[in-house]
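Accompanying notes for the structure given below.
The values are calculated or read from the model by the stated rules, or taken from the named source; none is laboratory data. Fair warning: this is a prediction, and the values are worked out from it, not measured in the lab. In this analysis, Cβ positions are derived from the backbone assuming ideal geometry, glycine residues included, and neighbour counts consider all displayed protein chains. Just so you know, the surface numbers come from the protein's heavy atoms only, side chains and all, with ligands and any DNA or RNA stripped out. Shrake-Rupley method; radii C 1.70, N 1.55, O 1.52, S 1.80 Å.
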2 protein chains.
Amino acid sequence: MSTQKHIEIYDTTLRDGAQAEDVSFSAEDKVRVAQKLDELGAHFIEGGWPGANPRDIDFFRMIKTVPLAQAKVVAFGSTRRATNTVHNDPVLKSLLDADTRYVTLFGKSWNLHVTDALGISLKKNLELIEDSVAFLKGKGRRVFYDAEHFFDGYRADPDYALQTLLKAQAAGAERIILCDTNGGTMPWEVRRIVAAVAREVRAALGIHAHNDAEMAVANSLIAIQEGVLQVQGTINGIGERCGNANLSSIIPNLSFKMKLPSVTPEQLRNLREVSHFVAEIANLVPNKHQPYVGDSAFAHKGGVHIDAVRKNALTYEHVRPESVGNRQRMLISDYAGKSSLAAKAEEFHITLRKKDPKAKELLATLKDLENQGYQFEGAEGSFELLMRRMLGKHKPAFELMGFRVIVEKRRADEDPISEATVMVKVGSTVEHTVAVGTGPVNALDHALRKALEKFYPQLREVKLLDYKVRVLAANKGTASRVRVLIESGDHKEKWGTVGVSENIMEASWQALADSIEYKMVKDRRSSKDGSA
Amino acid sequence: MSTQKHIEIYDTTLRDGAQAEDVSFSAEDKVRVAQKLDELGAHFIEGGWPGANPRDIDFFRMIKTVPLAQAKVVAFGSTRRATNTVHNDPVLKSLLDADTRYVTLFGKSWNLHVTDALGISLKKNLELIEDSVAFLKGKGRRVFYDAEHFFDGYRADPDYALQTLLKAQAAGAERIILCDTNGGTMPWEVRRIVAAVAREVRAALGIHAHNDAEMAVANSLIAIQEGVLQVQGTINGIGERCGNANLSSIIPNLSFKMKLPSVTPEQLRNLREVSHFVAEIANLVPNKHQPYVGDSAFAHKGGVHIDAVRKNALTYEHVRPESVGNRQRMLISDYAGKSSLAAKAEEFHITLRKKDPKAKELLATLKDLENQGYQFEGAEGSFELLMRRMLGKHKPAFELMGFRVIVEKRRADEDPISEATVMVKVGSTVEHTVAVGTGPVNALDHALRKALEKFYPQLREVKLLDYKVRVLAANKGTASRVRVLIESGDHKEKWGTVGVSENIMEASWQALADSIEYKMVKDRRSSKDGSA
């Protein structure tokens, strides 16, 4: 492998990624994503299929006025229909209308598809490829050719599959991209077939892999080892069925594992941000466990792991998290030991040495609570409060005197109403409030805020972002315990809190009350930070 | 490759999988998962780390009384500490106490870990490995040896890394498992290193890969090509950081892509069900795009794809979805739906032909309900009731007039009390009852039974077995909805029912009411069957 080779990153998040179930981008969304991809250092951005989708026509019009630092925008479409000529084919026309310098044209390589899906002769298909590519070249476009189902086609009839590539090459295609459209090819087949193609084709090659056998990243890198120049994929691997090759893993693997430059080290530090941005725009929950960019990618839970990582991060981290814009996290659970407690305390600005007897006591309490069903990994807010309470470093913002929640359904065809009353004491003042809500927890939240906001106006900034319920020890039916996890946030930060009880309302109350206490602790801490 | 080789599936969902962020299994959960893994055909089930966690000790005690068809339960732990002897080491003692035939012992292969994490000499580490393995062998255990960080260790010092394996082998380890603990190794390195090890080690080899570079499945299969016998992984790839090698992809890849038997074709048809079961127990949202088992894995969205797939499924499907218990979905077509509805109706002893206009109507209602968040996969009871209601074949057992639930906490240090009132009509009689319970849903259940049992004494046989709550992701700007799934059973059968609402009490009511209605339908049906 030469370290001088520069791999081309070809992003198809906006085209193949948009074919994922539940994903739909507006033209404006696409422009914002394209700008982010440009910042990340993608060389080519496939913006859409102007012949198939009116929104894509808007995108190509809008993107013309947006300055991009390096990325080239590419329009995507198919070779002409057999019943048309290149001059009257609507797809080719829409590709020209998109007015991009680069066009990617896809055609058939698999004899089964030619005969069964298109219903034309093998010879006719070669004509479509050759004259469609030549037509676009003649109109001044730089043309890339996507050989759809190339690997399946090569297995079925290697000679014919190769002929389709040679036609595209003869007509002037600058890149020949080998597609594993159905995503079922194994890495050792990719290696063999790419090597065979590289012996026959002069044009630079590309790889476009799908993930139906969980092999898309491996297949892409192995193709690159065999001489492929361009790698196609999507951010977070989104795409039809099981998705496309995941550029969020391919790009750092190229840099760190293969020492093949594609984007710069500075650009690579945007990787996590771009990944989360695309998830946000696509309205998908980011996958915590995603390699390199996920929240858990550098999170350590087992006590043995935490001890070792604190001594030397290399022991359980294959690359530096900061190199892709991520960070190391230590999770609190009963797998943890005293040194991880001490590390957490430090994070919370609390003094707690590993040998302090309180550390042992805290660890025992933690294990006991986890046995009862508490879980603090997603509830660091509650964990900090627990630590402060046990170390005598917490002054409660309020004291609960009682609550009552009523859910009443008066007729079978009416929605029930939910009403909550709360009695709390702040200093020496007793507040008794009532509120309704869309459900009992929502009503309880409203009543609690109503009681506290006049004392603590900053609570108006707090929003409930997520509410999760887990039923524990499931074989006892409704008498089993319930764990409630709440995520809250203000304009600066997010925090999680937890409650556990046989009664879902009590568990919800605990998590709600902790959320509000945590907001106070956090605000006091950051005002101290500011003055230090 | 010989097609006779039988690959060993070693599942560590319950140990390494449990180290995933946000995953926490109770001992009861673990027993249920182990039974499912046994049905899937796993050969070994690593149940936990009895030295690290009190819950795992409970699991090993409980699993002894559970009959498993083929799977062997394995306890996991580390080689002794350098400061202990094998006779006073608590981890080795807890492994013996777990009382399993098989034990997996892990030790260090990487010089960095020996010196930096353990802080002992390289020679001392070899002693720990050898005498820990030998001690367990001497106690009659069959011992597998996990060589932690083997690939990193081999890169740093191949001779030393090999020596650690040879010590374990000499002491009697029956399997030597090469671990890519940090998950950063590339497939071509795995191939080179496994081939080198296979030349030096006589004992059968295993592979344990992590997914930090999105290579865990590829690395596992390539190790198998190089002669490895045992593959370790987890269902859905859950595990610390980016997870473990995903058995839900590895098992079908072995069968379909490598023609290497591991589980039987019949067992493989449980794959999707086991994957969803583990996600459910771990309270994780199943990944729609997961290879083989995800809802989108065989879902077709693009018009071109749908046309082609309807002509020949091979055109865009690399394997048959039914072979892994999945199904093809056309995201814009209802064609497949009507015939499966007709099949379901037959199962319920209801006449519904595919061409009946009611079938189309039912399908539209079903789609609408699924859009609202209902899910009938785990709630066939509710699905049968839906079908009967829409076809005019259901006579309700009771009519709801209203309910009210009160949860009241009178003092901060007291448990809240829950009281429910229910008003229902049976025939022309109105019943108005009140009951308490451990939580609001339990109280509602008690009040409803109190009202109905005098009319329907067979309700005394019904037990609530499971109660699950899932908060459905809110679309932008809407309040989030809650889905409640209830599993009920009598001495003959189990059934699931579902409710969805913005209000958790309303959703619970729907599922409770359906559970009782279904009991009646079921009893009427089986009394008819008996007389037929």
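Sort A:46, B:414, B:189 by accessible area with a 1.4 Å probe, largest first. Before the final figure, lay out the partial values.
Details: A:46 0, B:414 80, B:189 40 Å².
The most accessible residue leads, giving B:414, B:189, A:46.
Relative to the current alpha-carbon distance between residue B:458 and residue B:88, full extension at 0.36 nm per residue lengthens the span by 127.4 nm. Round to the nearest 10 and give me the degree value, 0 to 90, for the angle of helix B:54-63's Cα axis relative to the longest principal axis of chain B. That helix lies at roughly 80 degrees to the long axis. Mean partner shielding of peptide B:186-194, defined as the number of other chain Cβ atoms within 10 Å of each residue Cβ, is 3.
The loop-placed trypsin sites (Lys or Arg not before Pro) in the stretch B:210-317, going by DSSP, that have at most 14 neighbouring Cβ atoms within 10 Å of their Cβ come out as B:259.
Quick one: if you take sqrt(5λ) for each eigenvalue of the C-alpha gyration tensor of chain B, what semi-axes come out, biggest first, whole angstrom? Display every interim value, and only then the final one.
Details: eigenvalues 493, 175, 77 Å².
For chain B, the ellipsoid semi-axes come out as 50, 30, 20 Å.
Between residue B:390 and residue A:273, what FRET efficiency follows from the Cβ-Cβ distance if R0 is 56 Å, with the result rounded to 0.05? It comes to 0.70. Enter the buried accessible area of the A/B pair, total of both sides, probe 1.4 Å, in Å² rounded to the nearest 100. Counting both chains, the buried surface is close to 9200 Å². Estimated from the Cβ-Cβ distance and a Förster radius of 51 angstrom, the FRET efficiency linking residue A:127 and residue A:259 is about 0.75.
Once you reduce the stretch A:201-246 and the stretch A:258-333 to the center of their Cα atoms, the two points are 22 Å from each other. Applying a threshold of 25 Å to the alpha-carbon distances of A:72/A:93; A:257/B:108; A:30/B:360 flags A:30/B:360 as lying beyond it. By a 1.4 Å probe calculation restricted to protein chains, residue A:518 has an accessible surface near 20 Å², given to the nearest 10.
Over chain B, DSSP H runs of length four or greater, each weighted -39,500 (n - 2.57), average out per residue to a 222 nm ellipticity of -12000 deg cm²/dmol. The separation of the stretch B:344-392 from the stretch A:71-130, counted between C-alpha centres, amounts to 43 Å.
Of the DSSP beta bridges with both residues in the protein assembly as shown, give the percent that are antiparallel, rounding to the nearest 5. Could the numbers behind the result be given before it?
Details: 77 of 153 bridges.
Antiparallel bridges: around 50 percent, rounded to the nearest 5.
In the stretch B:171-306, Cα pairs under 8 Å separated by at least six residues give a relative contact order of 17 percent.
Rounded to the nearest 20, the Cβ-based charge dipole of the stretch A:403-501 about its Cα centre (Lys and Arg +1, Asp and Glu -1) stands at 340 debye.
Per residue, the accessible area of the stretch B:398-455 comes to 45 Å² when a 1.4 Å probe rolls over the protein heavy atoms.
Under the criterion of Cα pairs below 8 Å and six or more residues apart, the relative contact order for chain A equals 9 percent.
Once the partner protein chains are put back, the stretch B:231-246 shows a loss of at least 30 square angstrom of accessible area, versus the chain by itself, at B:240, B:241, B:242 (probe 1.4 Å, ligands and nucleic acids excluded).
Placing unit charges on the Cβ atoms of the charged side chains and taking the dipole of the protein assembly as shown about its Cα centre, the candidate lying farthest along the positive direction among B:92, B:430, A:13 is B:92.
Whenever you get a sec, compute what percent of the accessible area on chain B sits on carbon and sulfur atoms (1.4 Å probe).
Numbers: 10350 of 20640 Å².
Carbon plus sulfur share of accessible area: 50 percent.
Near residue A:437, the amide H atoms lying under 5 Å from its own belong to A:418, A:443; only residues 5 or more places off or on other chains count, and H is placed 1.01 Å from N.
Calculate the mean, over all residues of peptide B:22-30, of how many other protein chain Cβ atoms lie within 10 angstrom of the residue's Cβ. It would help to have the intermediate numbers written out before the result.
Details: counts 13, 4, 11, 0, 7, 1, 6, 4, 0.
Neighbouring Cβ atoms belonging to other protein chains average 5 per residue here.
Computed over the stretch B:398-455, the P(r) tail beyond 16 angstrom holds 43 percent of alpha carbon pairs.
Give me the percent relative contact order of the stretch A:8-281, please, defined on Cα pairs under 8 angstrom at least 6 residues apart. If you can, show how the numbers build up before the last one.
Working: 575 pairs, mean separation 52.5, N = 274.
For the stretch A:8-281, the relative contact order is 19 percent.
Accessible area per residue for the stretch A:299-372 is 46 Å², calculated with a 1.4 Å probe on protein heavy atoms, without ligands, DNA or RNA.
Multiply the residue separation of residue A:200 and residue A:120 by 0.36 nm, subtract the distance between their alpha-carbon atoms, and state the gained length in nm to one decimal. It would help to have the intermediate numbers written out before the result.
Working: separation 80, 0.36 × 80 = 28.80 nm, distance 2.59 nm.
Taking residue A:200 through residue A:120 to full extension adds about 26.2 nm, to one decimal.
Farthest toward the positive end of the dipole of the stretch A:229-378, out of A:243, A:253, A:342, is the Cα of A:342, where the dipole comes from beta carbon charges about the Cα centre. List the pairs from B:167/B:259; B:36/B:468; A:393/A:494; A:64/A:137 whose alpha-carbon separation is above 24 Å, in the order I gave them. Beyond 24 Å between Cα atoms: B:167/B:259.
Using a cut-off of 24 Å between Cα atoms, the listed pairs B:463/B:522; A:338/A:425; B:354/B:519 include A:338/A:425; B:354/B:519 as exceeding that distance. A simple charge model with +1 on the Cβ of Lys and Arg, -1 on the Cβ of Asp and Glu and nothing else charged puts the dipole of chain A at about 1440 debye relative to its Cα centre. Among the DSSP beta bridges whose two residues both lie in the stretch B:8-281, what percent are antiparallel, rounded to the nearest 5? Among the beta bridges of the stretch B:8-281, antiparallel pairing accounts for roughly 5 percent. Between the stretch B:142-171 and the stretch A:149-175, the alpha-carbon centres lie 46 Å apart. For residue A:358, the accessible area of its heavy atoms, probed at 1.4 Å with every protein chain present, is near 80 square angstrom.
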